[in-house]
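Take a look at the structure set out below.
The values are calculated or read from the model by the stated rules, or taken from the named source; none is laboratory data. All figures in this text were calculated on a predicted structure; none of them were measured in a lab. Please note: Cβ atoms are built from the backbone with ideal geometry, for glycine as well, and neighbour counts cover all protein chains shown.
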Amino acid sequence: MAHKPLWALGLMSGTSADGIDAALIQTDGVSIHDFGQTHFIPYPAPLKNQILQAYGKPPGHDAMMLEAAITLLHSECVGHLLKKTKIKPDIIGFHGQTLFHKPPRKKGEIGETHILSSGPLLASLRGIPVVDQFRLNDVAHGGQGAPFVPIFHQALAHNLPKSVAILNIGGVANVTWIGAKKDELIAFDTGPGNGLIDDWVSKNTGKPWDENGMIAATGRIHNDLITKWLSHPYFSRKPPKALDRGTFKGCLKDVQQIPFEDGVATLSAFTAATIAQALKLLPQAPLQWLICGGGAHNKTLLTMIEEWVKAPVYKASDQGWDGDFLEAQAFGYLAVRSLYGIPLSFPGTTGVPHPMTGGRLNNYA
């Protein structure tokens, strides 16, 4: 059954906690009809620090205050975007801020995920229905709870030669492998993305990231550390599989023993090496890799990835996609799917037993 195309406003704040992405997209939940304006708003330093300090553990008694602050800033971001456009969205897709994610380790287990988002508050502030908590139904049915963007990647890549891999590099990196057949869709977290690099650079310089990989380009890679880190059991597990941002924080203790620039170079090379490990788990080597997320701006990292995977690596923007707002667009797309009861996650992406709907609809008073 064909559904009416709707305008959706997607919101995304990733585990890098740099800020909030907002993007408009028109879709019927299957095909993409059009793209609209985008907007980014950074997290103020105090709020970012609160989020980073809260990572890795279930929300405590102060979580409601933090959730309200995060939701209010999302509402502000929505307001800025709506001032840029004449489009009134039919629905908002509000991912929220992940604080804690503990996926199941084996079949039959139920994982745990905590994402701060007050859909009712955002809906009432903006007078627009809001879909949030996209991952809860998946996790409740034994899924990994991530990654959730692959079905959107498949819609984007419908006319590209297959197979193709789309690699999103945020705090954690994840890959979507799309084969030539309709149901050939595999996705999983590959390992650390920018998270370790950002944390190491921030600790030593106060800067939020290694801009364009300039620091990594000056350092020496310590391959013995990469070999040690790749022995982590996560890399030998078959997908579907997902990570928490803090899974590999022990790497930061190891790089304290080497020069700062070498640490940045080695952590960057580790991200590239984990992607090469992921390649071993795919049914077929991709014809090309398309990189989106913050990592797409790191020239040194892209060069490292190309060396490790031995295949052409391009930015998503080379396809005309907006690589910086792809995930925000995706959660607009997923909000429409949720509204129409179309599945969001699949056995090959999160490990659920069958295609699974999800999301929580919040209407405004």
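A few notes on this one:
- Qualifying residue in the stretch 66-73 (condition: closer than 23 Å to GLY359 by Cα, in contact with a strand residue (DSSP E or B) (Cβ under 9 Å, 6 or more places away or on another chain), in contact (Cβ under 8 Å) with a residue 12 or more places away in the chain and β-branched (Val, Ile, Thr)): yes
- Entry remark, the stretch 309-358: residues being closer than 20 Å to GLY171 by Cα and not aliphatic (A, V, I, L, M) number 12 in total.
- Set GLY323, GLY348, GLY341: member being part of a loop (DSSP other than H, G, I, E, B), of a type in the set (Gly, Ala, Ser) and within 30 Å of GLN53 (Cβ to Cβ): GLY323
- Residues of the stretch 150-203 satisfying the condition of being of a type outside the set (Gly, Ala, Ser), under 20 Å from TYR55 (Cα atoms) and surrounded by fewer than 20 Cβ atoms within 10 Å (Cβ to Cβ): LYS203
- Residue in the stretch 22-39 that is surrounded by the most Cβ atoms within 10 Å (Cβ to Cβ), counting only those that are out of contact with any Cys (no Cβ under 8 Å at 6 or more places or on another chain) and within 21 Å of ASN194 (Cβ to Cβ): ALA23
- Matching residues in the stretch 150-183 - criterion: being in a loop (DSSP other than H, G, I, E, B) and either farther than 27 Å from PHE248 by Cβ or not assigned by TED's automatic domain parsing to the domain that holds GLN284 (or both): ALA157, HIS158, ASN159, LEU160, PRO161, LYS162, SER163, GLY179, ALA180, LYS181, LYS182, ASP183
- Among the residues examined, ALA23 qualifies as assigned to a strand (DSSP E or B) and within 17 Å of the chain's Cα centre (by Cα).
- The listed residue being touching a residue at least 24 places away in the same chain (Cβ under 8 Å) and touching a Gly at 6+ places or on another chain (Cβ under 9 Å), out of TRP289, TRP209: TRP209
- Positions within the stretch 118-149 being outside any helix (DSSP H, G or I), crowded, with 23+ Cβ neighbours inside 10 Å and more than 16 Å from the chain's Cα centre (by Cα), in sequence order: VAL130, VAL131, GLY143
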